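Trainee: Got a structure for you, written out below as structure tokens; questions coming shortly.
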Amino acid sequence: MAAEGIRIIGNDCRRFKKSLPTSIGYWTAVFEISLKNCTIIGSIPDELSSLKNLGSLHLGCNGLTGSLPSSLNLLPYLSCLDVSDNQLSGDFPALPNLEHLTMLDISRNCFTGPVPTVFSKSRKLWSINADHNLFNMIPASISQLTSVRRLCISGNQFSCEIPPEIWNMTALMTLKMSGCNIFGSLGGLGGLRNLSILDVSNNQLSGEFPSREISNMHGLLDLHVVGNQFSWSEVLDMSENEFKMTICMDREFQKTYVVREGFHKCREEHGVVPFTGGISDSEFEDDGEDESDDDDDNDNEEDWIF
């Protein structure tokens, strides 16, 4: 399928300023479309659903409007869907036929209704980024996303309690729900034993902070709970955690935790002056890591570059 296909890649196409043509449906050999930051305008044409070999669709950072076509559900090999940083609106469509979907990024749009949960049961989907939309509900059906390891739904307009079903997503390693007006408690959080990043900052959460449950999360790297209304009766002891941690909480609770190392980014992320426990800042500096992506060359692939 993809080994003998065509890739359409936008290379510095910020002056493109055109809509996707309906004739795109004739490009049946295309298996990847990457047109990020190309100032594409207009709506996503239904004709995209004719590209049965399409595996990756990257349309982020454009000026796309309208709804996301439900006909994308007809793309049997689609594994990566990125329409982030556009102006797409309306309810997110059900995509139950995308058995190969692994990554979904719809952040920074204007989608409404419930957070999307209707996907294939193939259990390949591992990352959902729905940050900064207008979603108003976290449905109980979110517990069906048993393979998802990364869920980001910050900056939405929920105004609801955290549904208890979310604690059944035991594969979660990253859970970000900051600034989305959720309330209630974190009761049940202890079920997410694989968490490495938890951000529930700047909400209306209350009740007893689950210090004991979080203390048992020995792989936790980032904990952001600042800007809530928790009560604390137990010390949060992370001394058994083998990793360097980021802990960010309100000033009045900053002396209620014990950590081995506690580098934090509260100052720039939340405007909170952190408690360092008398340990010098030099001990908390992040080690820089170089990241590089290796592209596999394939003589049978043809790239169309704008």
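Trainee: In the structure displayed, which of Lys36/Lys244; Lys124/Lys244; Lys52/Lys121; Lys17/Lys52 lie more than 23 Å apart, Cα to Cα?
Mentor: Beyond 23 Å between Cα atoms: Lys36/Lys244; Lys124/Lys244; Lys17/Lys52.
Trainee: Is the C-alpha gyration tensor of the stretch 1-130 telling us rounded, prolate or oblate? Criteria: a/c under 1.5 is rounded; beyond that, a/b larger than b/c is prolate, otherwise oblate.
Mentor: oblate
Trainee: Would you pull out the residues with amide H under 5 Å of Gly90's amide H, same chain only if 5 or more places away, H placed 1.01 Å from N?
Mentor: For Gly90, whose amide H was placed from the backbone, the distant partners under 5 Å are Thr112.
Trainee: Please work out the C-alpha center-to-center distance from the stretch 157-217 to the stretch 27-50 and express it in whole Å.
Mentor: Cα centroid of the stretch 157-217 versus Cα centroid of the stretch 27-50: 37 Å apart.
Trainee: Run the numbers for Gln87 and Glu240: contour at 0.36 nm per residue of separation, minus the present Cα-Cα distance, in nm.
Mentor: 50.6 nm
Quick note: the coordinates plus some simple rules give every number you see, no bench work behind them. Treat the numbers as computed from the prediction; the structure is a model and nothing was measured.
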